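Reviewing the structure listed below.
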Amino acid sequence: MAFLIPLAATPWGAAIIGGTVTFAATKIIGYFTKPPPSPPPPPSPEITQQELIKSAREKLGMEVEKQYNFAVCGCSGTGKSTFINSVRGIQDIAYNSGFVYAIDGPAPTGISETTQAPARYRWPNNVFPYLTIWDLPGGNTQTHPAETYFEDKVLYAFDCLLLLKYGRFTQLDIDIYRKAVKCNIPIAIVMTKGDVDIDNEAKLRFSRPFRKLSKNECKILIEETTRKLKCDATNELVKAGCPEPPDNSMFVVAAQSYRDQLLALLEENDFPPLETEKLFEACSNIAVYRRSSQ
Ligand SMILES: Nc1nc2c(ncn2[C@@H]2O[C@H](COP(=O)(O)OP(=O)(O)O)[C@@H](O)[C@H]2O)c(=O)[nH]1
Ligand SMILES: [Mg+2]
């Protein structure tokens with residue numbers, strides 16, 4: 001698990017393939033209870049580790065020596081804020097003028113992207129005291145220009161990028177992917193709202209919604225739709241001239257179902273969380289592995 005960079009681009013790919021970073025899910029809870037042993041490695045020979053630390057601090061107020069940091073990026077409406085709430089077991093709240101930000105509180109959904117700044121969140125009850133997850137604004141706007149997005153948001157200083165996608169990749173998504181691969185920054189391609197795609201597919205193929213299918217029909221439909229979504233994403237990236245993403249760097253998720261499962265609200269006939277937990281495990285594995293193996 002956790003091979004989030006095409007192997008040709010990583011000097012430590014072989015070690016990962018050897019299985020040294022495949023940990024049991026239950027161990028993740030122990031990962032982020034200690035500060036990282038070292039800062040993230042520099043992304044290129046032109047940027048030193050000290051410069052990385054300084055840029056992260058100056059541009060985002062991000063202390064990379066004290067915390068692991070995951071970035072959730074992708075264009076507006078892909079479900080970034082919902083995902084960030086869901087993995088922390090927090091209910092969504094619609095943005096309104098009375099909203100008060102709290103680091104362990106909800107990321108508001110439906111916020112106007114043009115006014116949004118990168119926002120950091122932690123887990124409630126200090127579950128992961130040394131992990132911060134960042135809600136990044138969608139780019140390609142006057143405030144967040146696409147050309148310099150990767151550098152402006154210091155994406156090379158994060159432990160892992162989660163590139164959320166619903167529908168087609170935007171040019172900015174493709175640029176982020178390309179730069180992440182070039183700089184050896186772990187990047188996961190996350191296809192959100194899997195429940196919507198799979199339900200649509202159920203109606204198309206069976207003229208019935210997903211919840212009306214048999215267990216076996218559900219299983220087959222999930223497998224085939226997941227495969228198709230990953231195949232489409234791969235084709236899009238390759239067509240755009242990017243390296244082919246490894247299969248285990250792509251995840252189809254249903255974040256709201258994952259939250260329901262965490263909160264013991266998921267019922268037998270509800271839509272399953274798909275690969276949400278697998279994604280979180282993979283990001284955690286790679287983050288800890290990179291910081292420990294310098
Ligand atoms: N069905 C479904 N809808 C989702 C899911 N995740 C997000 N959404 C919906 O997608 C819309 C945009 O979500 P939001 O988190 O605000 O997107 P953001 O702009 O990327 O932060 C909201 O109406 C969410 O309720 C999901 O897993 N399944
Ligand atoms: Mg949002």
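Structure data summary
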quantity	calculated
Hey, Y130 surrounded by 15 or more Cβ atoms within 10 Å (Cβ to Cβ), in contact (Cβ under 8 Å) with a residue 60 or more places away in the chain and under 27 Å from S257 (Cβ atoms) or not	no
Neighbours by Cβ (under 6 Å, 6+ apart or cross-chain): first from region 64-83, within 22 Å of E51 (Cβ to Cβ); second more than 9 Å from ligand 2 (Cβ to nearest atom) and part of a strand (DSSP E or B)	Q67/T132; Y68/L131; N69/T132; F70/I133; F70/C160; A71/W134; A71/L161; C73/L163
Among the residues listed as L274, L221, the single one being farther than 30 Å from P106 by Cβ and of a type in the set (A, V, I, L, M)	L221
For P43: the one exception among (1) at pLDDT 95 or above; (2) outside any helix (DSSP H, G or I); (3) in contact with a helix residue (DSSP H, G or I) (Cβ under 6 Å, 6 or more places away or on another chain)	(1)
Sole residue being crowded, with 22+ Cβ neighbours inside 10 Å and either more than 15 Å from the chain's Cα centre (by Cα) or not in a loop (DSSP other than H, G, I, E, B) (or both), chosen from I189, I185	I189
Top-ranked residue of region 52-93 - restricted to ones that are farther than 20 Å from V252 by Cβ and β-branched (V, I, T), ranked as surrounded by the most Cβ atoms within 10 Å (Cβ to Cβ)	V64
Whichever residue in region 65-77 is more than 14 Å from ligand 2 (Cβ to nearest atom) and outside any loop (DSSP other than H, G, I, E, B) and, among such residues, is farthest from the chain's Cα centre (by Cα)	Y68
Residues located in region 106-129, provided they are away from ligand 1 (no atom under 15 Å from the Cβ), over 17 Å from the mean Cα position of the chain (by Cα) and in a loop (DSSP other than H, G, I, E, B)	V127, P129
Any chance F158 is under 13 Å from the mean Cα position of the chain (by Cα) and either of a type outside the set (D, E) or within 18 Å of K239 (Cβ to Cβ) (or both)	yes
Matching entry among D247, D195, D175, D199 (being charged (D, E, K, R), under 26 Å from S284 (Cα atoms) and in contact (Cβ under 8 Å) with a residue 60 or more places away in the chain)	D195
Complete set of residues in region 78-103 that are in a loop (DSSP other than H, G, I, E, B), closer than 25 Å to A157 by Cα and either within 8 Å of ligand 1 (Cβ to nearest atom) or under 18 Å from the mean Cα position of the chain (by Cα) (or both)	T78, G79, R88
Restricting region 213-241 to residues that are more than 19 Å from the chain's Cα centre (by Cα) and surrounded by 14 or more Cβ atoms within 10 Å (Cβ to Cβ), the residue that is nearest to D175 (Cα to Cα)	A240
Residue list for region 95-120, restricted to those being away from ligand 2 (no atom under 11 Å from the Cβ) and in contact with a Ser or Thr (Cβ under 7 Å, 6 or more places away or on another chain)	T114, R120
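The values are calculated or read from the model by the stated rules, or taken from the named source; none is laboratory data. All values reported here derive from a predicted model rather than from experimental measurement. Here the Cβ is made from the backbone with ideal geometry for all residues, glycine too, and neighbour counts use every protein chain on show.
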